[in-house]
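A short worksheet on the structure shown next.
None of the figures in this text is laboratory data; all of them are computed from the coordinates on show. Since this is a predicted model, take the numbers as computed values, not measurements. Positions of Cβ are generated from backbone atoms using ideal geometry, with glycine treated the same way; all protein chains shown enter the neighbour counts.
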Amino acid sequence: MILARGIIDGFEVEGIFESVEAARLAGYEIAEAQERETAEKESDVNVEQIKQVAELAHEINRAYCASLGDWSYSPWEKAPDWQKKSAINGVKFLNDNPSSTPRDCHDNWMRDKRADGWKYGPFLNPDSKEHPCIKPYDELPDGQRRKDALFIRVVRACCNFADGIGAADAN
């Protein structure tokens with residue numbers, strides 16, 4: 001594994017990649033790269049901290065959606081498991097892919113949903129596993145695209161991706 005440091009959109013960032021080539025393909029102008037053991041990366045990530053960040057991102061997205069008149073988000077403590085799992089998977093995805101765009105996060109979310117048997121439906125229906133956002137990113141309403149961007153900003157604000165989520169305590 002390679003820990004690559006570089007500049008993305010004017011911000012100094014770090015990411016874990018299979019190779020220097022993969023880091024460059026992700027848009028990193030590599031200032032420094034070093035080998036890093038996969039086991040070390042995995043040990044950095046604290047499962048409880050992932051859940052805490054996911055809860056915060058969920059609650060902020062819930063408030064944002066409510067401001068748009070979308071009341072489909074339950075408070076975290078009452079949220080169904082599928083909703084919590086989506087937030088947790090989103091945090092994990094961003095931890096593993098720190099330079100991801102809202103489009104990347106949406107595509108990852110859609111892959112996870114489809115893998116769990118969800119499909120497109122005009123309305124959210126957890127019983128039939130239908131969701132109105134299971135469609136290409138460019139077809140999402142502006143509010144949904146903004147929600148994806150907000151999720152990323154919240155997670156990035158909470159986490160120091162250089163050393164996994166566990167490093168957020170050190171700052």
Within segment 116-153, list the chymotrypsin sites (Phe, Trp or Tyr not before Pro) lying in a DSSP loop whose Cβ has at most 13 other Cβ atoms in a 10 Å radius.
Phe123
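Using a ≥ b ≥ c from the Cα gyration tensor of segment 56-127 (square roots of the eigenvalues), is it rounded, prolate or oblate, where a/c under 1.5 gives rounded and otherwise the larger of a/b and b/c decides, a/b for prolate?
Numbers: a/c = 1.57, a/b = 1.19, b/c = 1.32.
Oblate is the answer for segment 56-127, as a/c is 1.5 or above yet b/c matches or exceeds a/b.
Calculate, for Asn46 and Ser72, the FRET efficiency according to 1/(1 + (r/R0)^6) with r their C-beta to C-beta distance and R0 22 Å; round to the nearest 0.05. Present the calculation step by step, with values, prior to reporting the outcome.
On the way: r = 29 Å, r/R0 = 1.34.
E between Asn46 and Ser72, to the nearest 0.05, is 0.15.
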Calculated from backbone phi, Karplus (6.51, -1.76, 1.60) coupling profile of segment 136-149 in Hz, x at Gly/Pro:
x, 3, 5, 8, 6, x, 3, x, 6, 5, 5, 4, 4, 5
